[in-house]
Amino acid sequence: MTSISSASPALTGNDPKNRLFGPLPDVSAEAGYVEEHPKRVGFFTDTSVCIGCKACEVACKEWNTLPMDDSHGTRDVIGLSGMSYDNTGQLGANSWRHVAFIEQTRVVDLPMPAVGLPGALNRPEMPAPDSGDLDSTAKAQASVLNAEALSEFDPQTAQTGADKQIRWLMSSDVCKHCTHAGCLDACPTGALFRTEFGTVVVQQDICNGCGYCVPSCPYGVIDQRKDDGRVFKCTMCYDRLTDGLMPACATACPTQSIQFGDLDELQERADARLATLQSQGVETARLYGRDENDGVGGNGAFFLLLDEPEVYGLPPDPIVPARDLPAMWKAAATGAAMIVGVAVSAVLGSRRR
Amino acid sequence: MTSGIATPGAGWRKADGAAAQKNQKRRRRGNGRRGRNAEMAMVDEAEFTSYYGRPIIKAPVWKTPDVPLYLFLGGAAGTSSILAALADASARPSLSRVGRFVAGGGAIASVGFLVHDLGRPERFLHMLRVMKPTSALSVGTYILSPFSAAAGATAAVELLGWFPRLKRFGGAVSALFGGPMATYTAVLLANTAVPSWNHFHTKLPFVFAGSAMAAGGGLCMIFTPVDEAGPARKMAVAGAAVELGVVHQIESDESIVSEPYHLGRAGRFMQAAKTCTAAGAGLTVVAGRTRLGAVASGTLLAAGSLLTRFGVFDAGMASARDPKYTVIPQRERMAARDREHASTITR
């Protein structure tokens, strides 16, 4: 590890290699894996095909022998959240995968004036031509992965008779394994480290439970196990990766909502998937954590969402705290100098005896 | 506009929207005191969505009172050590002696609180296996360790009356680390994702510097004969002025993340802190040269500093627990970026 020089941007603010913030083409090399190392791996979680089965949560708990906890992260307690089918509630020390569940409703002014006369927009009560409707239905049926079309045939999401429509959003959340990880920046013991796969992992024999990583994560992922004292989070199954296996959650996922692979390949796949969905009219689809120019330099685990990030409990514009660290150290140094200045002038300005 | 599939959002609303709104209204009740905030909050209510009102970031797991006390003691010890070294150089033996005791006692106690706060206290020394400038806690470890060692040793030597030259050297070393000791803790809080700390990352170091001077000066005033305590009084009053000024800037900031400094327990701590600090500073000027006045004003200043630490700590905790302080500033940031982007395109 190139200790001082690698981290000096935190003090100087001079960061030409984007060590604190910004895009970073090779995270493992930046972390000191200068020789041959594996490509950066990641998760692409496509929530448009998630069915909320929680197989990922179970597989994760089993493989990593995580203790039981309730929806508030309290260990060894059975508890229903009382808010939805989601009784995991949040990511934490004992839940490294969390399937979010959101029930949404909307008022629809069907029939949709998508196909019809140019004046159709002005007369929404006019039924759309039958032929057009059949046409689009057939097209939609042909594509199994068209989420909007699926909702037409799904009894859960189909119209309830009135002008109301209901849909369920399900998304399996996980540690983002950020390019610039707040937890990794904050760790004072070196327990958190960047692996050769570009992921971020806690070494449990080093962690002394200072808890500084917990509020440093802009996504609220890592947490402390109260009775243990140490912090825990997703390792992207580091043990399985070193043996050439897929992480447990991706292996268990029955719909390929969780896809594991080389990050660049996943990004290409995600871009294509987004384009497909958008061409099918799912305008609300968007990628989250895909942009390497975002506040954390892009995520190793990124998502395709069907609504705003905060709907799923994700921050809309996360920024790694260390981005402003040079300004903070400068302010602290100025404050310290001010104390000395005040003390010196107080001594000089006081009459002796 | 018809909200069809083609519009982003497509008209989807949370199915239990009514219940969520009620939840938010209840939260709002506390800020009737300040008109601007209430008005701002009403605008926010419409824009803000969350996952069942759950927090987005994790609140710090740091224990209270351990960490606020650590912040207070570290600050008071840091400024006292500087005062002691300067008093020693300007032949004020009583002030120097008191300053060294405050610095040594505060330093040792603060180490105790810091270690006690760890989830695995027996692994405290793991802090010393790396040096990471990106981690305020790592940098802080390399400030606290030499500072507490030097200040503790100086106080011990002072108490025993041995090695006067070593005492002076130890005092100088602790004074060297005293300033950073008092302000690094502000970076410790600010360099997190906690909205009400992170947003004020350039202001918190000055709050902590002022608060530390008020506490250090105040504590030294209490125990030093009044005719030697002139520098302590001056530093305490200056520190109180800085603290009150910068706290006022934070509390009157336009951003929604200044709201937690007004609400609930944090708001009461901050209010009490301002009262104590202002009263202590005023009393120092009026009656600081009498024994009784020095004790009373010094106590008030130290109490004000302690309350400020508790208030800042609690405000951050509150801002971490409510997703609105995470979502709304980030949304505003995105909107500002979009506006900027749009203006460059049209040009």
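No lab work stands behind these numbers, since they all come straight from the coordinates. This structure is a prediction, so every number in the text was calculated from the model and none was measured. Cβ atoms come from the backbone with ideal geometry, glycine included; neighbour counts cover every protein chain shown.
Observations
- Wholly enclosed strands (runs of 3 or more DSSP E) of the stretch A:180-263 bearing at least 1 residues within 23 Å of B:N191 (Cβ to Cβ) and without any contact (Cβ under 8 Å) to a residue 24 or more places away in the chain: A:192-194
- Residue count, the stretch B:286-302 (criterion: of a type in the set (A, V, I, L, M, F, W, C) and within 18 Å of B:A76 (Cβ to Cβ)): 6
- Among the residues of the stretch B:236-291, the one identified as surrounded by fewer than 22 Cβ atoms within 10 Å (Cβ to Cβ), among the acidic types (D, E) and part of a helix (DSSP H, G or I) is B:E251.
- In the stretch A:27-39, the residues that are in contact (Cβ under 8 Å) with a residue 60 or more places away in the chain form Cβ pairs under 6 Å with partners that are not in a loop (DSSP other than H, G, I, E, B), at six or more places apart or across chains, as follows: A:A31/A:R194; A:H37/A:S28; A:K39/A:D262.
- Pair list, Cβ under 6 Å, 6 or more apart: the stretch B:170-183 residue more than 8 Å from chain A (Cβ to nearest Cβ) and free of Cβ contacts under 8 Å to residues at least 60 places away in the same chain, other residue hydroxyl-bearing (S, T, Y) and buried (at least 24 other Cβ atoms within 10 Å of the Cβ): B:G170/B:T154
- Residue check, B:S135 within 11 Å of chain A (Cβ to nearest Cβ) and touching a Gly at 6+ places or on another chain (Cβ under 8 Å): no
- The test for being within 10 Å of the chain's Cα centre (by Cα) and not in a loop (DSSP other than H, G, I, E, B) holds for B:S211.
- Among residues of the stretch A:6-43, those that are part of a loop (DSSP other than H, G, I, E, B) and of a type in the set (S, T, Y), counted: 2
- As a summary of the residue check, A:T235 satisfies the conditions (1) in contact with a strand residue (DSSP E or B) (Cβ under 9 Å, 6 or more places away or on another chain); (2) within 14 Å of chain B (Cβ to nearest Cβ); (3) β-branched (V, I, T) except for the one numbered (2).
- Residue ID - farthest from the other protein chains (Cβ to nearest Cβ), chosen from residues in the stretch A:300-343 that are of a type in the set (F, W, Y) and touching a Ser or Thr at 6+ places or on another chain (Cβ under 6 Å): A:F303
- Count of residues meeting criterion [without any contact (Cβ under 8 Å) to a residue 60 or more places away in the chain and more than 8 Å from chain A (Cβ to nearest Cβ)] in the stretch B:228-242: 2
- Inside the stretch A:200-221, residues that are facing chain B (nearest Cβ under 7 Å), β-branched (V, I, T) and buried (at least 22 other Cβ atoms within 10 Å of the Cβ) make up a count of 1.
- When the stretch B:72-127 is filtered for residues that are more than 8 Å from every other protein chain (Cβ to nearest Cβ), of a type in the set (S, T, N, Q) and either surrounded by 19 or more Cβ atoms within 10 Å (Cβ to Cβ) or under 12 Å from B:T154 (Cα atoms) (or both), the ones remaining, listed by number, are B:S80, B:S81, B:S96, B:S110.
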